[in-house]
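Structure record follows, encoded as structure tokens.
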Amino acid sequence: MARNGKLSTDPYKGVRDFYPKEQALQQHLFSIMRQVAQSAGYEEYSASLLEPAELYRAKGSENEEIATQQTYTFLDRGDREVTLRPEMTPTVARMVAARRRDLSFPLRWYSIPNVFRYERPQRGRVREHWQLNIDLFGSEHIAADAEIILLAHTLMRAFGATENDFEIRISSRGFLNGLITQHSLSEESTKKLHGLLDRHGKVSSQEEEASLKEIGISPQEFVASVAPKDVVELLTTLKELGCSNARFEPYIVRGFDYYTGLVFEVYDTHPDNNRSLFGGGRYDNLMELFGEETMPAVGFGMGDVTIRDFLEVRSLTPSYTSPIKVYLAVTGEDMVTEAMKIASRLRAQGISAAVDLGDKKLGEQIKSADKKGIPHLIVIGRNEIDSGMVAIRTLATGEEEKIALTSLPSFLKSF
Ligand code: HAM
């Protein structure tokens, strides 16, 4: 990172710094995620980002590409192989398996962890992202699948999207497994088929057709396929629940080996951002990894990067507002303590206030408050303290109003 003997100010490749405005947007996304998850009865959990590397190599949890090429894995000082989690599902399965006897089911859990994947950074792909994980454990019922997809739908609506802005594409591993059995595909051909379907839309249709034929499947089997029974039932339930932008899409497979039933992806319909935003599915066998009996589970992971892109192309991101409601400028350094006393009284009333430290000219103090996007400003000088009256300025308009210091809290609360 050193250039001319100096350190670069760039962050590590593929990860992001969050300056206050970006962090505010990040918190906005998280607060919508939390609100939607909690209002549906999901409890928040968390875990360390360090996991033993074997968690991602075990049969059943593996996603070959992720386990072999995309993890950050290193040896710790005690020669243990450690991985920065590339996803949350193995972790949450581990946590549930560990306390299975104490927990009560159905279990509804959510988390917003940062996860790490050594990928080539590009639009929508970075090396560290935050991912809302919503998972429901302990129910095989199709109502559980419907609840999870409905939550994905509710989240998109809570972000300000209309049903035309996105589409939920659903398939089921049952459908795919049916094809695999019907054609007696070998393990190798099955892997090829998964990989091919996962790249659908990213390779030309000629190339896709050729590869399908090589595996021994005719492209018509996809184009003409009718929705399997479980997907039809799901779509009907979803419609009844007010979600009408979901449809069967045979090409949806999702990369992980652990999915056993329903799989889905939410797609952006905007021509400038026509891509998968997030996805998930049913994984009923992951608990076996820990020597436990199987336990049905269904959930999804929604990344912050793809959602930001979605919101940005539609101008759905909120404009930044400063966390400071009022700035206390001072006529000189001797007024700082007085201003701090007033600020303390305001804060005690729940109003965020910041005080200038008095080392700049008044004009510069006002300019700097304006640049920070602070809505209100008062100037504290000897006159204001003696008279108990201040002029409160609305920085966006330059309007001023004279009020008594004692009525400052109620005045500011009215905004
Ligand atoms: P995934 O599809 O690998 O699934 O990731 C879920 C979402 O995380 C993606 O759809 C995308 O929004 C985001 N994402 C993944 N990789 C990156 C990246 N390199 N940069 C930016 N965003 C990314 C899973 O991880 C499953 N564990 C989800 C799940 C939970 N299934 C059931 N429960």
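The values are calculated or read from the model by the stated rules, or taken from the named source; none is laboratory data. Remember, it's a predicted structure, so these values are computed and weren't measured experimentally. Cβ atoms come from the backbone with ideal geometry, glycine included; neighbour counts cover every protein chain shown. Quick note on the areas: whole protein, heavy atoms, side chains included, nothing else; ligands and nucleic acids left out. Shrake-Rupley method; radii C 1.70, N 1.55, O 1.52, S 1.80 Å.
Would you say residue 327 is surrounded by 18 or more Cβ atoms within 10 Å (Cβ to Cβ), within 16 Å of the ligand (Cβ to nearest atom) and either more than 21 Å from the chain's Cα centre (by Cα) or assigned to a loop (DSSP other than H, G, I, E, B) (or both)?
Here the answer is no, as residue 327 does not meet what is asked.
Would you confirm, using the coordinates I've provided, whether residue 177 is assigned by TED's automatic domain parsing to the domain that holds residue 36, out of contact with any His (no Cβ under 8 Å at 6 or more places or on another chain), more than 24 Å from residue 226 (Cβ to Cβ) and not hydroxyl-bearing (Ser, Thr, Tyr)?
Here the answer is no, as residue 177 does not meet what is asked.
I'd like to know if the range 193-203 contains one or more residues that are open to solvent by less than 50 Å² (accessible area, probe 1.4 Å), assigned by TED's automatic domain parsing to the domain that holds residue 281, small (Gly, Ala, Ser) and modelled with pLDDT of 85 or more.
Within the range 193-203, none of the residues are open to solvent by less than 50 Å² (accessible area, probe 1.4 Å), assigned by TED's automatic domain parsing to the domain that holds residue 281, small (Gly, Ala, Ser) and modelled with pLDDT of 85 or more.
Taking the range 164-184 as the search range and keeping residues that are among the hydrophobic types (A, V, I, L, M, F, W, C) and modelled with pLDDT under 90, which one is farthest from residue 246 (Cα to Cα)?
Selected residue: 180.
Out of 135, 230, which single residue is closer than 30 Å to residue 100 by Cα, surrounded by fewer than 20 Cβ atoms within 10 Å (Cβ to Cβ) and modelled with pLDDT of 90 or more?
230
Condition (residue is more than 12 Å from the ligand (Cβ to nearest atom) and at pLDDT 95 or above) applied to the range 108-125: is it met by at least one residue?
Yes: the range 108-125 contains one or more residues that are more than 12 Å from the ligand (Cβ to nearest atom) and at pLDDT 95 or above.
Tell me which residues, restricted to the range 82-99, are within 15 Å of residue 49 (Cβ to Cβ) and either open to solvent by 40 Å² or more (accessible area, probe 1.4 Å) or within 9 Å of the ligand (Cβ to nearest atom) (or both).
Listed by number, the residues that qualify are 86, 87, 88, 89, 90, 92, 94, 95.
If you take just the strands (runs of 3 or more DSSP E) that sit entirely in the range 197-308, which of them hold at least 1 residues that are out of contact with any Cys (no Cβ under 7 Å at 6 or more places or on another chain) and more than 10 Å from the ligand (Cβ to nearest atom)?
Where strands (runs of 3 or more DSSP E) fall fully within the range 197-308 and carry at least 1 residues being out of contact with any Cys (no Cβ under 7 Å at 6 or more places or on another chain) and more than 10 Å from the ligand (Cβ to nearest atom), they are 246-248, 262-268.
Specify which of the listed residues (152, 161) is assigned to a loop (DSSP other than H, G, I, E, B), modelled with pLDDT of 95 or more, at negative phi and assigned by TED's automatic domain parsing to the domain that holds residue 293.
161
May I ask you to list the residues in the range 181-217 that are within 16 Å of residue 250 (Cβ to Cβ), more than 30 Å from the chain's Cα centre (by Cα) and acidic (Asp, Glu)?
208, 209
Under 18 Å from the mean Cα position of the chain (by Cα) and either in contact (Cβ under 8 Å) with a residue 60 or more places away in the chain or in the same structural domain as residue 280 (by TED's automatic domain parsing) (or both): does that describe residue 142?
no
Within the range 111-125, identify whether any single residue is among the aromatic types (Phe, Trp, Tyr), touching a Ser or Thr at 6+ places or on another chain (Cβ under 8 Å) and farther than 30 Å from residue 240 by Cβ, and answer yes or no.
Yes, the range 111-125 has at least one match.
Can you tell me which residue is nearest to residue 161 (Cα to Cα) among those in the range 46-70 that are in contact with a helix residue (DSSP H, G or I) (Cβ under 7 Å, 6 or more places away or on another chain) and at pLDDT 95 or above?
Selected residue: 47.
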